[in-house]
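Data first, discussion second: the structure below is written as structure tokens.
The values are calculated or read from the model by the stated rules, or taken from the named source; none is laboratory data. Treat the numbers as computed from the prediction; the structure is a model and nothing was measured. Note that we place each Cβ from the backbone using ideal geometry, even for glycine, and neighbour counts take in every protein chain shown. Ligands, DNA and RNA are stripped out before the accessible areas are found, and what is left, the full protein with its side chains, is counted by its heavy atoms. Shrake-Rupley method; radii C 1.70, N 1.55, O 1.52, S 1.80 Å.
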Amino acid sequence: MAGGVGSRFWPVSTSDFPKQFHDMLGSGDTLIQKTFSRLSKLIPSENILILTNERYNHLVLEQLPMVKQEQVLLEPAMRNTAPCILYASLKIQKQNPNAVMVVAPSDHWIEDEDEFSRNLQQCFDFCQKENALMTLGIQPTFPNTGFGYIEFDNSDINPIKKVNQFREKPDYETAKAFLEAGNFLWNGGIFIWSVKSITEAFSTFQPQMNGLFRQGIESYNTDTEKQFIQTNYEKAENISIDYAVMEKAKNVYVLPATFDWNDLGTWGSLHDKLDKDDNNNTVVNATVILENASNNIIRSEAKKLVVIDGLDDYIIVDNENVLMIYPKSKEQDIKRITAIANKL
């Protein structure tokens with residue numbers, strides 16, 4: 001899934017050039033390139049579909065030259081994750097009714113890719129045999145209030161756990177209680193299932209959406225698919241896969257992941273992943289002179305010299321015609337600031 005705007009990474013991530021197409025970590029690869037490479041270790045590259053907004057088609061093809069146009073599923077309207085997952089699932093099912101599939105966001109950072117592949121194979125093997133909707137749960141390291149949580153059955157001694165319920169983003173005290181309970185995982189938004197299981201779930205829990213996309217069965221994987229999607233996609237409800245299916249289904253399982261993971265949702269999460277100096281500052285691209293500066297993330301273009309004195313816990317981003325100096329503690333407000341800036 002590569003259709004999001006990533007507005008909390010403004011001013012680098014914009015609606016014209018979102019974060020998944022940027023080298024956010026200074027690694028030499030963009031996030032979508034890293035994701036494609038990681039998945040292709042286990043999945044034939046020709047079997048990987050990229051779901052994105054139609055305005056990003058050229059970016060996908062530029063950054064993933066090995067991908068054919070028919071592998072890029074273009075959304076003519078932004079409708080959250082459920083419609084694009086149903087569309088892809090029906091398209092895959094028509095090609096292979098026995099397929100198992102993984103749904104992965106294009107903007108996550110996973111360090112131990114071999115361990116990720118092992119976890120993913122474990123999920124594939126389970127879903128091949130069982131009627132299961134699976135997710136990879138992330139072991140929480142602190143009481144994060146920015147993630148949803150997955151509560152699993154504490155009495156389940158199997159590696160793959162039965163999910164009791166999904167829990168909304170908690171307040172701090174609730175998040176602390178989740179960690180202390182020991183049977184809560186972060187919802188990382190990576191899903192695994194057979195096409196049979198997920199299409200049955202959509203049929204049960206989202207009959208209207210299911211009916212809409214099933215009208216296009218004859219056109220999927222043919223020359224008429226694009227026209228069907230152009231005409232009908234925007235009619236789908238704007239809803240996430242969590243609300244649409246996962247919170248309603250009873251056959252949901254989770255594998256506690258054994259790899260390092262970061263959703264790279266904010267500048268603060270990027271700061272957590274990158275190398276830091278002795279004062280906990282992270283620098284991307286810039287050349288810096290820092291005095292009395294700590295806990296900051298500094299990013300600029302073209303190796304610009306950045307001089308900072310007296311700042312603690314700030315996001316400093318110089319990008320083309322925008323300079324942002326913003327408290328890291330208020331990073332969730334950047335989405336609101338982006339909306340204001342877009343009106344100027």
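Only one residue in Lys129, Lys169 is free of Cβ contacts under 8 Å to residues at least 40 places away in the same chain, loosely packed, with under 14 Cβ neighbours inside 10 Å and more than 24 Å from Asn47 (Cα to Cα). Which one?
Lys169
Pairs please, first residue from region 85-113 and in contact (Cβ under 8 Å) with a residue 24 or more places away in the chain and of a type in the set (Ser, Thr, Tyr), second anywhere and open to solvent by less than 20 Å² (accessible area, probe 1.4 Å) and part of a loop (DSSP other than H, G, I, E, B), Cβ atoms under 8 Å, 6+ apart in sequence or on different chains.
Ser106/Ala2
Give Ile325, Ile316 a once-over and let me know the one that is open to solvent by 70 Å² or more (accessible area, probe 1.4 Å), among the hydrophobic types (A, V, I, L, M, F, W, C), more than 23 Å from the chain's Cα centre (by Cα) and modelled with pLDDT of 95 or more.
Matching residue, one of Ile325, Ile316: Ile325.
Does Gln71 qualify as being more than 17 Å from the chain's Cα centre (by Cα) and under 26 Å from Ser194 (Cβ atoms)?
yes
Give, as residue ranges, the helices (runs of 4 or more DSSP H) completely inside region 118-233 that count at least 3 residues that are over 25 Å from Lys91 (Cα atoms).
172-181
Across region 33-68, which residue is most open to solvent (accessible area, probe 1.4 Å) among those that are hydrophobic (A, V, I, L, M, F, W, C) and under 17 Å from the mean Cα position of the chain (by Cα)?
Leu49
So which of Ile92, Ile157, Ile150 ends up being under 17 Å from Met1 (Cβ atoms) and of a type outside the set (S, T, N, Q)?
Ile92
Considering Gly4, Gly28, which residue is within 29 Å of Asn321 (Cβ to Cβ), open to solvent by 10 Å² or more (accessible area, probe 1.4 Å) and free of Cβ contacts under 8 Å to residues at least 24 places away in the same chain?
Every option except Gly28 fails the conditions.
Looking at (1) open to solvent by less than 60 Å² (accessible area, probe 1.4 Å); (2) more than 20 Å from Gly28 (Cβ to Cβ); (3) within 27 Å of the chain's Cα centre (by Cα), find the lone condition where Lys273 falls short.
(2)
Kindly list, by first and then second residue, each pair from a residue in region 234-246 that is more than 9 Å from Met209 (Cβ to Cβ) and open to solvent by less than 100 Å² (accessible area, probe 1.4 Å) to a residue that is of a type in the set (Ser, Thr, Tyr) and assigned to a helix (DSSP H, G or I), limited to pairs with Cβ atoms under 6 Å and residues at least 6 apart or on different chains.
Listed by first residue and then by second, the contacts come to Ser240/Thr81; Ile241/Thr81.
Tell me which strands (runs of 3 or more DSSP E) are completely within region 249-344 and hold 3 or more residues being under 30 Å from Phe166 (Cα atoms), or say none if there are none.
Because the criterion is at least 3 residues that are under 30 Å from Phe166 (Cα atoms), the strands (runs of 3 or more DSSP E) in region 249-344 that meet it are 252-256.
Would you point out which residue out of Ser106, Ser117, Ser155 is over 25 Å from Gly265 (Cα atoms) and either open to solvent by less than 30 Å² (accessible area, probe 1.4 Å) or among the hydroxyl-bearing types (Ser, Thr, Tyr) (or both)?
Sole residue among the options that is over 25 Å from Gly265 (Cα atoms) and either open to solvent by less than 30 Å² (accessible area, probe 1.4 Å) or among the hydroxyl-bearing types (Ser, Thr, Tyr) (or both): Ser155.
List the pairs whose first member sits in region 277-306 and is farther than 12 Å from Asp318 by Cβ, whose second member is aromatic (Phe, Trp, Tyr) and open to solvent by 50 Å² or more (accessible area, probe 1.4 Å), and whose Cβ atoms are under 7 Å apart, counting only residues at least 6 apart or on separate chains?
Asn296/Tyr314
Given (1) open to solvent by 20 Å² or more (accessible area, probe 1.4 Å); (2) in contact with a strand residue (DSSP E or B) (Cβ under 8 Å, 6 or more places away or on another chain); (3) of a type in the set (Gly, Ala, Ser), where does Ala302 come up short, assuming only one miss?
All conditions pass for Ala302, except number (2).
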